[in-house]
Structures are given as C-alpha cells and as structure tokens.
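The values are calculated or read from the model by the stated rules, or taken from the named source; none is laboratory data. As the structure is a computational prediction, the values presented were derived from the model and not from experiment. For neighbour counting, all protein chains shown are included, and Cβ atoms are generated from backbone atoms with ideal geometry for every residue, glycine included. Heavy atoms of the whole protein, side chains included, go into the accessibility calculation; ligands, DNA and RNA do not. Shrake-Rupley method; radii C 1.70, N 1.55, O 1.52, S 1.80 Å.
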Amino acid sequence: MLMFRIITKALITKGNDVLILKRNNTSFAAGYWDIPGGKLEFGESLQESLVREVNEETSLQIDLAGVISTSSGINSEKKKQYITVVYLCNYLSGEVVLSNEHSEYMWVNIRNLKQKNLVYYVEEAIDKIIYSDLKNLKFKKAF
C-alpha cells in the first residue's frame, strides 16, 4: 500500500542567522544538517504541527511568517511519499534544548549555510530566500 506523509519544517531566523540542527544516526539523513520540524499528526493543522515539533526539538517559541518552499521525496523501499512544507519563522524566545533526534545545533548566517552538508529541502528553502522576491512574507530583519 502506498502512503503519503506530510512534513512541516521551520527555517527559524534570528537576525541574519538561521538555526540548523545536526541529525543523529537515524534512518534519514544521518549526520546531515537539518532544520526543526517533523510529521503532521492526524487532526493537526500544518501550523500546529510545526509549532509543536519546533518546541519538542528545540524548546523555542516562534512566529510563523509563511510558506517558503514545498518539496516531494519518495522512499521506494517503504512505498512512501513525503511532502515537505518549509515555513519561514522568526525566533521569539527560549534557549535551544535539543531532543534526542539531534546531536548539535548552530546559528549560521544564511549566506554561509550552503557550506554545510544540508538536507535537500533546506537547500531549496535557502535558495528561495536568497534568490527570490519574498516581499509578501514579514521578515523581522532583511537578509
């Protein structure tokens, strides 16, 4: 049976920096740098899912500015298709406390992110911000 999973991710900005998390040795993207987020649970809105996941993975409070990218990935072995929705988010408050899914974190200037070993949908979201006109989103600080 074919299955679909919806994943919500947060590109969290704090000034000109973005929060990235290094994935533990999990089945997906082990050792890669990722952004907070996870699977949509039944009955949740995309926004509720994202706020919950960010809090679970980092303990941070965020403000959602809007969707900046969407992507689709297929795992043929598991017969699953993953739809990933990346939101631009502004940091509001809190100190990063990592869940057991990640081994480290860092705040990195958005223009230096491409130097890291990033999960594919993070690269796509960064390209949208750097190379696209996203004036409809409310940035707290321009890049």
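Of Ala29, Val122, Val54, whose Cα points farthest to the positive end of the dipole of the chain (charges on the beta-carbon: +1 Lys, Arg; -1 Asp, Glu; origin at the Cα centre)?
Val122
Heavy atoms of the protein only, probe of 1.4 Å, neighbouring chains included. What is the accessible area of Glu56 in Å², nearest 10?
Approximately 100 Å² of Glu56 is accessible to the 1.4 Å probe.
Nearest 10 degrees is fine. How inclined is helix 46-58 to the longest principal axis of the chain, computing both from alpha carbons?
80 degrees
Given a 1.4 Å probe, how much area per residue of the chain is accessible, in Å²?
55 Å²
Of the beta bridges DSSP finds with both residues in the chain, what % are antiparallel, to the nearest 5? Walk me through the intermediate numbers first.
Working: 27 of 39 bridges.
Taking every DSSP beta bridge within the chain, about 70 percent pair in antiparallel fashion.
Residues with amide H under 5 Å of Cys89's amide H, sequence separation 5 or more or different chain, H placed in the peptide plane at 1.01 Å from N; which?
Leu11, Ile12, Thr13, Ala65
Mind checking the dipole of the chain: about its Cα centre, +1 per Lys or Arg Cβ, -1 per Asp or Glu Cβ, Debye to the nearest 20?
340 debye
When only the heavy atoms of the protein chains count and the probe is 1.4 Å, how do Val96, Val54 rank by accessible area, highest first?
Working: Val96 25, Val54 0 Å².
From most accessible down to least: Val96, Val54.
If you count only protein heavy atoms and use a 1.4 Å probe, how large is the accessible surface of Arg52, to the nearest 10 Å²?
50 Å²
Calculate how steeply helix 120-131 sits against the longest principal axis of the alpha-carbon atoms of the chain, using the helix alpha-carbon long axis, and give the answer as 0 to 90 degrees to the nearest 10.
Tilt relative to the chain: about 30 degrees.
Determine the order of Lys80, Lys128 by accessible area, beginning with the largest, at a probe radius of 1.4 Å.
Lys128, Lys80
Could you tell me the relative contact order of the chain? Use alpha-carbon pairs under 8 Å, at least six residues apart, and round to a whole percent.
32 percent.
Stick to Cα atoms and the Kirkwood definition of Rh, then tell me Rg/Rh for the range 1-95.
Details: Rg = 13.6 Å, Rh = 13.9 Å.
Ratio of gyration radius to Kirkwood radius for the range 1-95: 0.97.
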